[in-house]
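Trainee: Handing you this structure, nothing more for now.
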Amino acid sequence: MTEILNGEAHRPGRIEVVCGSMFSGKTEELIRRMKRASFARQKVEIFKPAIDTRYSEDNVVSHDQNSIRSTPIESSGSILLLASDIDVVGIDEAQFLDNGLVEVCNELANRGVRVIVAGLDMDFKGVPFGPIPALCAIADEVTKVHAICVKCGALAYVSHRLVANDKRVLLGEQDEYEPLCRDCYQKAISQEK
């Protein structure tokens, strides 16, 4: 660690991934880490996919309505262009970005930037989603957060889709998805067949 700034250590470049199901607090944790870095007087920038306009076009907003200013992007390559002279880069809903995000995060970390990535690790079918699994493999730190299963109260495993739609990307909320544990998810999909 090179120097301490108001209690938050300024570390050499690293990649931190916060992943899990919907409603597990991924965005909340990303916002918390970004605000701490900002309080420590580090230069921060947060990015999100331009397609994610659920709560706001320009802010990253958690389900609890906490928010932080962000820059919407169409592709991961834009991050390299927009993140010069930044100490900490945050990326929300990373599962919606292209697989080039892995190389972008590596390049930033190798430049000494702390990169914090939040996203779903699996889609509604329980299949690894977008660049998140590869990011977990190269990350310096992975935090898997869990929602609570709405059926039994156990730790949730997956975001179960409640509406009939097979599109992999379907932006939604509690009307479209529910967090379920592995057992309740297996029961739910067997009833749907």
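Quick grid of which residues meet (1) in a loop (DSSP other than H, G, I, E, B); (2) within 22 Å of SER38 (Cβ to Cβ):
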site	(1), (2)
LEU80	no, yes
ASP85	yes, yes
VAL89	no, yes
ASN99	yes, no
GLU103	no, no
LEU108	no, yes
VAL115	no, yes
ALA118	no, yes
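Trainee: Follow-up. Return yes or no: is GLU178 charged (D, E, K, R) and not in a helix (DSSP H, G or I)? Break it down stepwise before answering.
Mentor: Numbers: charged (D, E, K, R): yes; not in a helix (DSSP H, G or I): yes.
Judged against the criteria, GLU178 is a match.
Trainee: Of the numbered conditions (1) modelled with pLDDT of 80 or more; (2) part of a loop (DSSP other than H, G, I, E, B); (3) closer than 28 Å to ILE148 by Cβ; (4) not aliphatic (A, V, I, L, M), GLU16 fails exactly one; give the number of that condition.
Mentor: Only one criterion is unmet by GLU16, namely (2).
Trainee: Does SER70 satisfy the condition of being at pLDDT below 90, over 24 Å from CYS181 (Cα atoms) and open to solvent by less than 20 Å² (accessible area, probe 1.4 Å)?
Mentor: yes
Trainee: Here's a follow-up. Name the residues in segment 85-139 that are of a type in the set (S, T, N, Q) and in contact with a Leu (Cβ under 7 Å, 6 or more places away or on another chain), would you?
Mentor: Listed by number, the list holds a single entry, GLN95.
Trainee: Under 8 Å between Cβ atoms, which residue pairs at least 6 apart in sequence (or on different chains) link something in segment 130-153 that is under 25 Å from GLY112 (Cβ atoms) with a partner that is among the hydroxyl-bearing types (Ser, Thr, Tyr) and modelled with pLDDT of 95 or more?
Mentor: Matching pairs, first to second residue: PRO131/SER76.
Trainee: I've got another one for you. Look at segment 144-162 and say how many of its residues are surrounded by fewer than 21 Cβ atoms within 10 Å (Cβ to Cβ), modelled with pLDDT of 95 or more and out of contact with any helix residue (DSSP H, G or I) (no Cβ under 7 Å at 6 or more places or on another chain).
Mentor: Total meeting the criteria: 7.
Trainee: Could you check segment 143-169 and list, in sequence order, the residues that are in contact with an Asp or Glu (Cβ under 8 Å, 6 or more places away or on another chain) and closer than 26 Å to CYS105 by Cβ?
Mentor: Within segment 143-169, THR143, LYS144, VAL145, SER159, ARG168 meet the criteria.
The values are calculated or read from the model by the stated rules, or taken from the named source; none is laboratory data. Just so it is clear, the structure is predicted and the values come from calculations on it, not from any experiment. Every residue, glycine among them, receives a Cβ derived from its backbone with ideal geometry; neighbour counts consider all protein chains shown. Ligands, DNA and RNA are stripped out before the accessible areas are found, and what is left, the full protein with its side chains, is counted by its heavy atoms. Shrake-Rupley method; radii C 1.70, N 1.55, O 1.52, S 1.80 Å.
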